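The values are calculated or read from the model by the stated rules, or taken from the named source; none is laboratory data. A quick note: this is a predicted structure, and the numbers were derived from the prediction, not measured. Each accessible area value is taken on the protein alone, full model and side chains, heavy atoms only, with ligands, DNA and RNA left out. Shrake-Rupley method; radii C 1.70, N 1.55, O 1.52, S 1.80 Å.
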Amino acid sequence: MQPPSCLFSSNAPFIEDLYESYLLDPDEVSEDWRKYFDGLQNGRRGGARDVRHSEVQARMLEIAVSPKAITVAVSAGSFADSKKQVSVLQLI
């Protein structure tokens, strides 16, 4: 059996808030949580630190409501490639 953990679904909002506080200023959280979150940061590839999730969520909302935020460019070749792909699927 594994030891009990405070990381379960009903605690998710609380822990997310703690983590957001930690990302803003690590001294905002208790030493125990700081050590835990430091361990998460140390395990990241390339040494990159995590960013606040609220900033990412705000940016995603901007993209969702802004019609100019996402543009799709279609080249003439991509239509031909798509047509070939459909033909292959029809053969299969």
Tyr36 - accessible surface, heavy atoms, 1.4 Å probe, Å² rounded to 10: 100 Å²
Accessible heavy-atom area order of Glu28, Glu16, Glu62, highest first, probe of 1.4 Å: Glu28, Glu62, Glu16
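Please list Ile63, Ile92, Ile15 from largest to smallest accessible area, probe radius 1.4 Å, with all protein chains kept in place.
The ranking, largest first, comes out as Ile92, Ile63, Ile15.
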